[in-house]
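The values are calculated or read from the model by the stated rules, or taken from the named source; none is laboratory data. Just so it is clear, the model here is predicted, and its values are computed rather than measured. So basically every Cβ, Gly included, is an ideal-geometry build from the backbone, and we count neighbours across all protein chains shown.
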Amino acid sequence: MDDIGVAVTIPDTVRRIVSLVPSLTEAVAATVPEALVGATDWCSHPADLDVTRVRGTKNPDLETVVRLRPDVVLANAEENRPQDLAALRAAGLAVWVTRIETLDEAFASLARMFLRACRTGRPAWLDAAEAAWRRPAPERRRTAVVPIWRRPWMVVGRDTFAGDVLRRLGVDNLYAGHAERYPRIPLAELVERRPDLVVLPDEPYAFAPGDGPECFPGLRCALVSGRLLTWYGPSLTEAAHALPRALG
């Protein structure tokens, strides 16, 4: 069973993998690079990745994926559309879907994915990532809002991996209790809540020094790497050390 409870038939030996999730692509490339044959256009790590591109996470080129004859397709319940995954299953492909909303889920899900879906051992980088995050949460706690888009403004809401990463670093998302995972919130409301931090990642919207902080006068803004905040894979080790510095 994958993370969403679907039974997946995987061959005993996996030689061809297509990944439809950037963070999973980086994880596979760091573990069994010779098996990775396809990835999305958004899969930017490693920088020298040389595989067939299959368009985006939300609009994969299904015909190309099928032509690649993967032993397994790796996907994610949030990143990929159910109808695309159903079409790949209907074409006879094994599709392994991850569901990751917390750091602990990331460690467990990735370990299962490599063992069950990729038919390989537990990677050393996963041990290093777990060790890097095995520390008590800071005693000092701060509040934050985490915009991920503007025009319209959208923020991180409930049950998100980014929210859990920040929580582990002593930063409490003011919209963690919202009914939606990525709600649209008027800018005026974000400013009026007076968070201790406005966390501005560089993806999916590319917030930058001249694009974002000017909207939050009088508030402390922290520009952070979206990859370190939202990706689950080898970047987790770096994130444990780099994010606290970025948050200040």
## Note on the structure
Scanning segment 59-101 for residues that are in contact (Cβ under 8 Å) with a residue 24 or more places away in the chain, closer than 21 Å to A27 by Cα and in a helix (DSSP H, G or I) gives V65
### Query
Which of (1) among the acidic types (D, E); (2) more than 19 Å from the chain's Cα centre (by Cα); (3) closer than 29 Å to A239 by Cα does D12 not meet, given it meets every other one?
(3)
## Note on the structure
Counting only residues in segment 44-58 that are touching a Gly at 6+ places or on another chain (Cβ under 9 Å) and outside any loop (DSSP other than H, G, I, E, B), the one nearest to N80 (Cα to Cα) is identified as R53
### Query
Does segment 180-193 include one or more residues that are more than 24 Å from A246 (Cβ to Cβ), modelled with pLDDT of 95 or more and either of a type in the set (K, R) or assigned by TED's automatic domain parsing to the domain that holds A27 (or both)?
yes
### Query
Restricting segment 20-49 to residues that are of a type outside the set (A, V, I, L, M) and more than 21 Å from F114 (Cα to Cα), which is farthest from the chain's Cα centre (by Cα)?
D48
## Note on the structure
When (1) under 21 Å from A137 (Cα atoms); (2) over 14 Å from the mean Cα position of the chain (by Cα) are applied to A239, the one that fails is (2)
### Query
Out of segment 1-19, which residues are in contact with a strand residue (DSSP E or B) (Cβ under 7 Å, 6 or more places away or on another chain) and not small (G, A, S)?
D2, D3, I4, V6, V8, I10, V14, R16, I17, V18
#### Entry: Search result, residues across segment 194-227 that are hydroxyl-bearing (S, T, Y) and under 22 Å from H241 (Cβ atoms)
S225
## Note on the structure
Out of (1) closer than 15 Å to D3 by Cα; (2) acidic (D, E); (3) in a loop (DSSP other than H, G, I, E, B), the one D159 does not meet is (1)
### Task
Could you look through segment 30-43, keep only residues that are touching a residue at least 40 places away in the same chain (Cβ under 8 Å) and not in a helix (DSSP H, G or I), and pick out the one that is nearest to R227 (Cα to Cα)?
A30
### Message
Tell me the residue from S225, S235 that is of a type in the set (S, T, N, Q) and touching a residue at least 60 places away in the same chain (Cβ under 8 Å), please.
### Response
S235
### Query
How many residues are touching an Asp or Glu at 6+ places or on another chain (Cβ under 8 Å) and hydroxyl-bearing (S, T, Y) when one looks only at segment 145-175?
1
### Query
In segment 102-146, which residues are within 15 Å of S235 (Cα to Cα), in a helix (DSSP H, G or I) and aromatic (F, W, Y)?
F107, W125
### Task
Identify the residue in segment 214-248 that is surrounded by fewer than 17 Cβ atoms within 10 Å (Cβ to Cβ) and charged (D, E, K, R) and, among all such residues, is nearest to R150 (Cα to Cα).
E214
### Hits in segment 15-30 (condition: crowded, with 22+ Cβ neighbours inside 10 Å and not aliphatic (A, V, I, L, M))
S19, P22, S23, T25, E26
### Message
Given the condition on the phi < 0 side of the Ramachandran plot and touching a helix residue (DSSP H, G or I) at 6+ places or on another chain (Cβ under 7 Å), answer yes or no: does some residue in segment 189-196 qualify?
### Response
no
#### Entry: Options A35, A7, A30, A39; residue that is closer than 16 Å to T57 by Cα and either outside the structural domain of R99 (by TED's automatic domain parsing) or modelled with pLDDT of 95 or more (or both)
A39
